[in-house]
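Engineer: Let me begin by handing over the structure; questions about it come next.
The values are calculated or read from the model by the stated rules, or taken from the named source; none is laboratory data. The structure presented is a predicted model; accordingly, all values stated were derived computationally and were not measured. For neighbour counting, all protein chains shown are included, and Cβ atoms are generated from backbone atoms with ideal geometry for every residue, glycine included. Only protein heavy atoms, including side chains, enter the accessible area calculation; ligands, DNA and RNA are left aside. Shrake-Rupley method; radii C 1.70, N 1.55, O 1.52, S 1.80 Å.
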Amino acid sequence: MDLTSETTGIREELLRRFKESGERERMQDILRNKLDASGWQDRVKDRCQRVIHENTDAIDKLTVDDIAESVTPYARSSVPEDIKAEVLEEIRKFIYRSLPETGD
């Protein structure tokens with residue numbers, strides 16, 4: 001097995017464990033709560049409303065996908081750094097707990 005295949009296999013196994021253990025849902029809940037507490041959801045909602053208002057002349061043609069495409073870059077870039085860092089640290093901890101022990 002080459003390194004790329006092995007890496008892909010480990011990644012897929014970690015993702016499976018992440019989902020099956022309930023860790024994914026737990027992390028989503030933590031992220032959702034922290035984003036809500038930071039006001040991020042309100043800011044993204046405001047941005048969505050702005051996109052809608054800016055496109056009132058074409059409101060009949062405006063789709064949810066259009067709004068999401070317009071707002072997603074802002075939403076991703078506006079997640080507070082401390083929240084990103086905390087969630088990434090929790091994911092790292094899960095990965096380290098889940099990796100098999102090596103006999104090196």
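Engineer: Would you tally the residues in the stretch 1-16 being open to solvent by 90 Å² or more (accessible area, probe 1.4 Å) and assigned to a helix (DSSP H, G or I)?
Structural biologist: 5
Engineer: When you check residue 85 against the structure, is it open to solvent by less than 50 Å² (accessible area, probe 1.4 Å) and part of a helix (DSSP H, G or I), yes or no?
Structural biologist: Considered against the rule, which asks whether it is open to solvent by less than 50 Å² (accessible area, probe 1.4 Å) and part of a helix (DSSP H, G or I), residue 85 comes out as no.
Engineer: Test each condition in (1) outside any loop (DSSP other than H, G, I, E, B); (2) in contact (Cβ under 8 Å) with a residue 24 or more places away in the chain for residue 37 and report the one that comes out false.
Structural biologist: (2)
Engineer: Return yes when residue 92 is free of Cβ contacts under 8 Å to residues at least 60 places away in the same chain, open to solvent by 70 Å² or more (accessible area, probe 1.4 Å) and touching a Ser or Thr at 6+ places or on another chain (Cβ under 7 Å) and no when it is not.
Structural biologist: no
Engineer: Look at residue 30 and say whether it is touching a Cys at 6+ places or on another chain (Cβ under 8 Å), open to solvent by less than 80 Å² (accessible area, probe 1.4 Å) and either more than 24 Å from residue 94 (Cα to Cα) or in contact (Cβ under 8 Å) with a residue 24 or more places away in the chain (or both).
Structural biologist: In short, no.
Engineer: Without any contact (Cβ under 8 Å) to a residue 24 or more places away in the chain, aliphatic (A, V, I, L, M) and more than 29 Å from residue 25 (Cβ to Cβ): which single residue out of 51, 64 fits that description?
Structural biologist: 51 is the lone residue from the list that is without any contact (Cβ under 8 Å) to a residue 24 or more places away in the chain, aliphatic (A, V, I, L, M) and more than 29 Å from residue 25 (Cβ to Cβ).
Results for (1) of a type in the set (A, V, I, L, M); (2) modelled with pLDDT of 90 or more, shown as yes or no for each residue.
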| site | (1), (2) |
| --- | --- |
| 1 | yes, no |
| 13 | no, no |
| 21 | no, yes |
| 38 | no, yes |
| 41 | no, yes |
| 52 | yes, yes |
| 61 | no, no |
